[in-house]
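Asker: Pasting in a structure now, in structure tokens, and then I'll have a few things to ask.
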Amino acid sequence: TDHFRQKKKIPIITILLVAINIIVFIIAQIFGNTEDVDYMIKIGASNYEDVLMNGQFYRLFTSMFLHFGIYHLANNMAVLLFMGDMVENAVGHWKYLAIYLGSGLVGNLLSLYMDIQSQSNIVSAGASGAIYGIIGGVFVLMIKNKKQVREIVIRRLVFVIVVTIYYGSQAAQIDNAAHVGGLIGGIVMTVLFTVHKKTTYRNRKEYVTR
């Protein structure tokens, strides 16, 4: 099946993930300031002191749905909307969700490892690890079906690059470990999910965004 040319399906999971991220942000902003590090820790942001020393492993998951301010949220959701449907249509709804969550978790784990190595208890939050996993998935689909890649895919990738560079220039700190971990996780999982088919397509006063 040529997934770039197949009938487009409604990207239900992508829409649902964007909605959840936005709703969580609105609720968080109503009850506090999402740019305040101590508040973000209180509602589930990740840092190695709480995760490892206090055993709060749930933060590896909850931090994926928290964002430091409206611009952080907007950039991440824009990229997810532009890229998510291609992977979701190619591998299916549930495998796509597994790639998203799995990539986010791998990104968080690599970020945690780097924080331990540097002995910096940095507070981190954001969906970028998961989103980089989706970008990794798009690259896998492009490589597997380079003859069918359409101009729209190239335009979307250019958009993602521009948004990433712009946000990187605006943000105080970027969690590159989470990005790399998410990208690797997305590539590996997409390869595994498409192997049988031809598819187309820190100190507490510091924080990093994903």
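Asker: Just reorder Val191, Val138 by solvent-accessible area, largest first, 1.4 Å probe, all chains present.
Answerer: From most accessible down to least: Val191, Val138.
Asker: Ordering Lys42, Lys9, Lys95 by accessible area with a probe of 1.4 Å, largest first, what comes out?
Answerer: Lys42, Lys9, Lys95
Asker: Once R0 is set to 22 Å, what does the formula 1/(1 + (r/R0)^6) return for the Cβ-Cβ distance between Ile15 and Ala98, expressed as a FRET efficiency to the nearest 0.05?
Answerer: My answer for the efficiency is 0.80.
Asker: If you don't mind, another one. For Ile27 and Ser120, calculate 0.36 nm times their separation in residues minus their Cα-Cα distance, and state this gained length in nm to one decimal.
Answerer: So the chain would gain 30.6 nm between Ile27 and Ser120.
Asker: Separate question: Over region 10-90, with every protein chain in place, what whole percent of the accessible area is carbon and sulfur at 1.4 Å, could you tell me?
Answerer: Details: 2630 of 3640 Å².
Exposed carbon and sulfur together represent 72 percent of the surface.
Asker: Loop only per DSSP, at most 12 neighbouring Cβ atoms within 10 Å: give me the GluC sites (Glu not before Pro) in region 1-106, ordered by residue number.
Answerer: Working: sites: Glu35, Glu49, Glu88; in loops: Glu35.
The qualifying sites: there are none.
The values are calculated or read from the model by the stated rules, or taken from the named source; none is laboratory data. Quantities reported herein were computed from a predicted structural model and do not represent experimental measurements. Quick reminder, even Gly has a Cβ in these numbers, built from the backbone with ideal geometry, and neighbours come from all protein chains shown. Heavy atoms of the whole protein, side chains included, go into the accessibility calculation; ligands, DNA and RNA do not. Shrake-Rupley method; radii C 1.70, N 1.55, O 1.52, S 1.80 Å.
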